[in-house]
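Notes follow the structure.
The values are calculated or read from the model by the stated rules, or taken from the named source; none is laboratory data. Here the structure is a predicted model, which is why all the values come from computation and not from measurement. We place every Cβ from the backbone using ideal geometry, glycine too, and count neighbours over all the protein chains shown. Areas reflect the complete protein model, heavy atoms only, side chains present, ligands, DNA and RNA absent. Shrake-Rupley method; radii C 1.70, N 1.55, O 1.52, S 1.80 Å.
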Amino acid sequence: MTTKCSLIPLEKKKLSKNDKKCLSLSVLKDNPETETRVALTPMGVKNLVDSGHKVIIERGAGLLANYSDLEYVNSGAEITSDRQKLFLSDIILKVSPFSLEDTQYVKKEHTLVSNLSPARCDKRAIENILKKKAVAIALEYIQTEKDFYPVHFINSEISGRTAVFTGAEYLSRRCQGKGVLLGGITGISPALVIVVGTGTAALYAAKTALSTGAEVRIFGNSIYRLSEITRKLGHEVFTSPLQLQILNKSLASADLVIGAKSMKYETFDFILRESVSLMKKGSVIVDLNIDSCACFETSKPTTLQKPTFDFGGVIHYCLPDIATTVPRTASIALSNILYPLINKIYNNGGIYQEICYNQLFRQSVYCYNGLLTNEFLAKKFNLSFKDIDLYLM
């Protein structure tokens with residue numbers, strides 16, 4: 001159980017070991033049609049169990065990431081299919097946003113932890129969480145240091161790297177692509193890869209494409225960010241502001257185009273269908289921003305079962321979270337962030353203590369005591385918004 005603190009603390013109370021009670025956690029199974037990752041790996045579970053915490057795993061939660069129920073049992077977890085039992089824990093973990101069905105079991109004392117993914121979250125589920133007055137935390141908004149979001153960073157790195165390998169696969173003849181090799185061979189020019197954006201995903205997409213021997217061009221709307229990404233690459237590449245004439249000329253020659261704009265630094269409108277129509281038949285677009293704000297007018301969300309569609313002969317790959325295609329790697333990365341965070345929350349006295357005294361962590365909270373504290377969600381769903389900093393003053 002967590003310990004609720006005063007809303008106007010005079011000074012931080014130091015809790016002794018006797019004041020603290022170990023946490024109980026449940027890991028929910030995601031919908032296999034949309035999500036393949038699991039929030040905690042067996043290693044993460046073992047670390048938490050060794051620290052004295054209780055972990056319950058929903059049966060089959062790790063199967064798509066190639067973790068069996070037996071591995072979790074051997075790590076000290078309890079396995080169950082009973083949803084009501086799963087919601088007896090203090091902290092409920094899930095990778096994708098909580099569904100309306102999930103929230104029927106939620107109680108005031110619960111802390112819900114998952115990706116928020118605003119484009120996919122359910123308004124009715126959010127309203128249910130608010131009604132139950134539970135705490136809800138968005139993984140992608142968690143900060144460990146100022147302006148460093150570890151879950152978002154690692155997901156962007158995975159997405160950028162995976163986008164290049166995915167694009168290379170769909171360029172093959174087997175997938176109705178142009179039938180070209182990214183790096184080319186002796187006597188043949190390499191493929192042209194265009195990266196739109198200058199964030200973390202763009203950086204790792206460009207780095208991975210360069211490692212294959214492909215020609216890379218990067219487009220962004222900030223000269224400073226373009227110079228930064230060039231410096232980080234340690235390699236001279238073509239960079240350009242998002243000027244339509246220059247972009248269209250490159251699109252006409254492109255083999256693979258990766259949309260990877262940074263939501264923090266880049267707010268440009270999507271690239272119009274007229275520009276996409278200039279691309280050659282069999283070329284490929286991978287839009288990594290489909291879950292937030294698409295890079296291309298022609299983009300639309302796809303599914304794990306049918307990840308691509310054709311627009312004017314151009315293959316579009318628009319999976320809402322491409323990290324789901326490499327679930328084991330992505331699950332390990334997420335678990336490596338979560339279990340130290342949970343231990344830190346425990347050591348600091350519980351979730352309410354962490355929210356009250358850790359301003360960086362507080363920004364990841366989107367539901368608190370019946371209040372919606374995420375402005376983006378409030379605007380999206382036309383709900384009232386309350387600044388959590390003001391509420392806790």
| task | Counting only C-alpha contacts under 8 Å and six or more residues apart, can you give the relative contact order of the chain as a whole percent? | result | 19 percent
| said: Applying a 10 Å radius around every beta-carbon, put 153-163, 41-51 in order of their mean neighbour count, most first. | reply: 153-163, 41-51
| field | Gap separating the Cα centres of region 23-98 and region 152-167, nearest whole Å | value | 25 Å
| field | Long-range HN-HN contacts of residue 296 with modeled amide H, under 5 Å | value | 271
| request: Using amide H atoms built 1.01 Å from N in the peptide plane, name the residues 5+ places from residue 285, or on other chains, whose amide H lies under 5 Å from its own. | output: 257, 315, 316, 317
| query | Classify region 180-327: rounded, prolate or oblate, from the alpha-carbon gyration tensor (a ≥ b ≥ c, eigenvalue square roots; a/c under 1.5 rounded; otherwise prolate if a/b is larger than b/c)? | reply | rounded
| request: Calculate the length of the line joining the C-alpha centroid of region 305-325 to that of region 274-303, in whole Å. | output: 8 Å
| task | Hand me the trypsin sites (Lys or Arg not before Pro) from region 188-265 located in a DSSP loop with no more than 14 other Cβ atoms within 10 Å, in residue order please. | result | 264
| field | Over the chain: helical MRE at 222 nm, DSSP H runs n ≥ 4 each giving -39500 (n - 2.57), nearest 500 | value | -9500 deg cm²/dmol
| remark: Sorted list, accessible surface of protein heavy atoms, 1.4 Å probe, largest first, for 295, 175 is 175, 295
| Student exercise, the chain dipole from Lys, Arg, Asp, Glu Cβ charges, in Debye to nearest 20 | 440 debye
| query | Which helices of the chain meet both criteria: a Cα extent of 18 Å or more along the helical axis and a mean Kyte-Doolittle score no lower than 0.0, with helices taken as whole DSSP H segments? | reply | 150-170, 327-347
| field | Cα shape, region 246-327, gyration tensor, a/c 1.5 rule | value | oblate
| How about residue 249: which aspartates and glutamates have a C-alpha closer than 19 Å to its C-alpha, ignoring those fewer than 8 places off in the same chain? | 215, 269, 274, 297
| field | Contact order relative to length of region 70-201, as percent, for alpha carbon pairs under 8 angstrom and 6 or more apart | value | 15 percent
| field | Lys pairs, region 60-216 - Cα-Cα below 17 angstrom, 8 or more residues apart or on other chains | value | 13
| Heavy-atom accessible area per residue, region 339-382, 1.4 Å probe: how many Å²? | 39 Å²
| message | For the ranges 118-127, 192-201, what's the packing order if you count other beta-carbon atoms within 10 Å of each residue, average per peptide, and put the highest first? | response | 192-201, 118-127
| request: Based on the mean of other Cβ atoms within 10 Å per residue, sort peptides 63-76, 330-343 so the most packed one is first. | output: 330-343, 63-76
| task | Let me know the shape class of region 86-142, please: from the alpha-carbon gyration tensor, a ≥ b ≥ c as square roots of the eigenvalues, rounded when a/c is under 1.5, otherwise prolate if a/b is greater than b/c, or oblate. | result | oblate
| query | How about region 206-302: which GluC sites (Glu not before Pro) there are in a DSSP loop, with at most 16 other Cβ atoms within 10 Å of their Cβ? | reply | 236, 297
